[in-house]
Amino acid sequence: TGSGKSSLFNAVSGLEIAEVGVRRPTTSEPIACVWGEGGDDLLDWLEVPKSRRTWRESALDGDDEEPLRGLILIDLPDHDSTAYAHREVSDRLIDMVDVVFWV
């Protein structure tokens with residue numbers, strides 16, 4: 001809780017997508033940043049709310065985003081949160097993804 005997961009997520013995505021602040025816990029639902037087209041079927045399966053999905057790449061980004069096409073980055077709620085439901089979401093998604101960066 002409060003370790004900077006959402007700040008890191010925003011820095012990697014290059015956008016201010018995730019809310020950051022001193023209130024704990026801050027992230028209550030998974031938030032996704034998607035490079036390139038597609039990803040909806042996977043995010044539906046992972047149960048990431050449609051309102052919490054952002055597509056990073058656009059025609060304005062040019063070719064510098066090409067190496068990231070196909071990447072889906074997800075910011076999870078705190079695993080050690082005081083809100084037990086947040087831990088349940090994190091535990092469920094951690095078992096379903098390919099790679100986890102633990103912050």
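Considering only segment 62-103, how many residues are small (Gly, Ala, Ser), free of Cβ contacts under 8 Å to residues at least 24 places away in the same chain and under 18 Å from SER7 (Cα atoms)?
Number satisfying all stated conditions: 1.
Name the single residue, out of those in segment 72-93 being hydrophobic (A, V, I, L, M, F, W, C) and closer than 20 Å to TRP45 by Cα, that is nearest to the chain's Cα centre (by Cα).
Of all residues in segment 72-93, those hydrophobic (A, V, I, L, M, F, W, C) come to 72-74, 76, 83, 85, 89, 93.
Next, from what is left, pick out any that are closer than 20 Å to TRP45 by Cα: 72-74, 76, 85, 89, 93.
Working: ILE72: 8, LEU73: 5, ILE74: 2, LEU76: 6, ALA85: 17, VAL89: 12, LEU93: 11 Å.
Checking each candidate, the answer is ILE74.
Where a number appears in this text, it was derived from the coordinates with a stated rule and is not lab data. Quick caveat: nothing in here was measured; it's all calculated off a predicted structure. With ideal geometry, Cβ positions are generated from the backbone for all residues, glycine too; neighbour counts draw on all protein chains shown.
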